[in-house]
There are 2 protein chains.
Amino acid sequence: MKLLEERIRRDGKIRAGNVLKVDAFLNHQMDIGLFNEMGKEFYRLYGDQNVTKILTIEASGIGIACVAAQYFNVPVIFAKKTQTKNIDGGVYTAKVESFTHGKVYDIIVAKEFLTSGDRVLLIDDFLANGAALMGLSKLVEDAGAVVVGAGIAVEKAFQPGGELLRAKGLRVESLARVKSMSEDGSIEFC
Amino acid sequence: MKLLEERIRRDGKIRAGNVLKVDAFLNHQMDIGLFNEMGKEFYRLYGDQNVTKILTIEASGIGIACVAAQYFNVPVIFAKKTQTKNIDGGVYTAKVESFTHGKVYDIIVAKEFLTSGDRVLLIDDFLANGAALMGLSKLVEDAGAVVVGAGIAVEKAFQPGGELLRAKGLRVESLARVKSMSEDGSIEFC
């Protein structure tokens, strides 16, 4: 998606350790006009898939998912991150290892909101090692529901997550796929 | 706002310790059609206030804020919760005591996204003791910007936050104000 690639070139910042900061428009300050264009694109890609729910993960996926959901006319669920061991029986749970923070946390969704008839689109802001998407997919599968695919804003295609998930048969559509980037500010898209 | 009150009556659940669970439509599963109606109402209330930014707090304020922002045509910023002491000089910070979790955490916003020319509308899902709104107000004031007011989905009017903040001169508009509730399921609105 050209609009997003151009925005990343203009307002993204590249930091040591393969960190791409897009907090001016995507995941701290959020450009809702841009989110609407992204939502339309997700709908162009998945609009024929009879999506019944959108599932994302707190916190930075929520805004994109909520704006996109308007095109699909379905509810959004966000998986909650928790480090507590006291998870009661009423939730689906998965473990996710954070690339950014280097720790493992549990994500949970209340069972009542995912059922076997659901066709679920996963939405998130970033795809790097794929840990979040794998965790979200597990929640959906544990509910006996179907993952129709994932809609991602920015994929770091030089990290293994996207390839790994596609090899497993998950449909992954990323609106901007970063092929390479370096701290001098240069960035190349697939 | 009748629509929200009716939804709370229908799908809200009252639990011990003054907990009102609205996770079927507001802060776990999210009804985006409802959020649009709430956004329109916030715009009816604050549309003449020349709002330049909407500020919310992760995680459950984000969806409401992003959908509402479409009516104001302004960016949304979400304050991040962090328990780290390593906050660099580039952020505004405030301390917030969580009613739900009984602990104190720092909230931060990058300085580059709040400037002295901004007129900021605060949006959040719940108002109980007012700690989150007080923290968000401090961030805005530290930036030299103006808080035009707060837009809240559900205010627990039997807890002191709303009264406290209004007494300090903050304009607070809550779409549903719970006067009383009890575990037998009865709920009364102001």
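The values are calculated or read from the model by the stated rules, or taken from the named source; none is laboratory data. Source: prediction; values computed, not measured. No Cβ is skipped: glycine too gets one built from the backbone with ideal geometry, and neighbour counts run over all protein chains shown. The accessibility values were calculated without ligands, DNA or RNA, using every heavy atom of the protein model including side chains. Shrake-Rupley method; radii C 1.70, N 1.55, O 1.52, S 1.80 Å.
The figures follow:
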read-out: Segment B:147-190-segment B:24-41 distance, computed between alpha-carbon centres (Å); value: 18
read-out: Stretchable slack from residue B:19 to residue B:167, in nm (0.36 nm times residue separation minus alpha-carbon distance); value: 50.8 nm
read-out: Spin-label model distance (nm) - residue B:49 vs residue B:37, 7 Å beyond Cα toward Cβ; value: 2.2
read-out: Theoretical FRET efficiency, 1/(1+(r/R0)^6), r = Cβ-Cβ of residue A:186 and residue B:112, R0 22 Å, to 0.05; value: 0.45
read-out: Residues whose placed amide H lies under 5 Å from that of residue B:189, excluding near-sequence neighbours; value: B:179
read-out: For peptides B:165-173, A:128-136, A:171-179, sequence by mean Cβ density within 10 Å, most packed first; value: A:128-136, A:171-179, B:165-173
read-out: Accessible surface, 1.4 Å probe, highest first, among residues B:158, B:113, A:126; value: B:158, A:126, B:113
read-out: Gyration tensor (alpha-carbon) shape descriptor, segment B:41-183, a/c threshold 1.5; value: oblate
read-out: For chain A, built as a Gaussian network whose Cα springs stay under 10 Å, the top-fluctuating residue of A:161, A:117, A:151; value: A:117
read-out: Simple label model, 7 Å out from Cα along Cβ direction - residue B:141 to residue B:9, nm; value: 3.9
read-out: Between helix B:131-142 and chain B: long-axis angle, C-alpha atoms, 0 to 90°, nearest 10; value: 20
read-out: 10 Å Cβ neighbours from other chains, averaged over peptide B:58-71; value: 6
read-out: Average beta carbon contacts from partner chains per residue of A:32-44, 10 Å cutoff; value: 2
read-out: Ellipsoid semi-axes in whole angstrom, largest first, where each is sqrt(5λ) of the Cα gyration tensor of the protein assembly as shown; value: 31, 25, 19
read-out: Degrees, to the nearest 10: B:62-72 long Cα axis against longest axis of chain B; value: 70
read-out: Shortest-first distances to equivalent copies, position residue A:93, nm, label 7 Å out along Cβ; value: 3.1
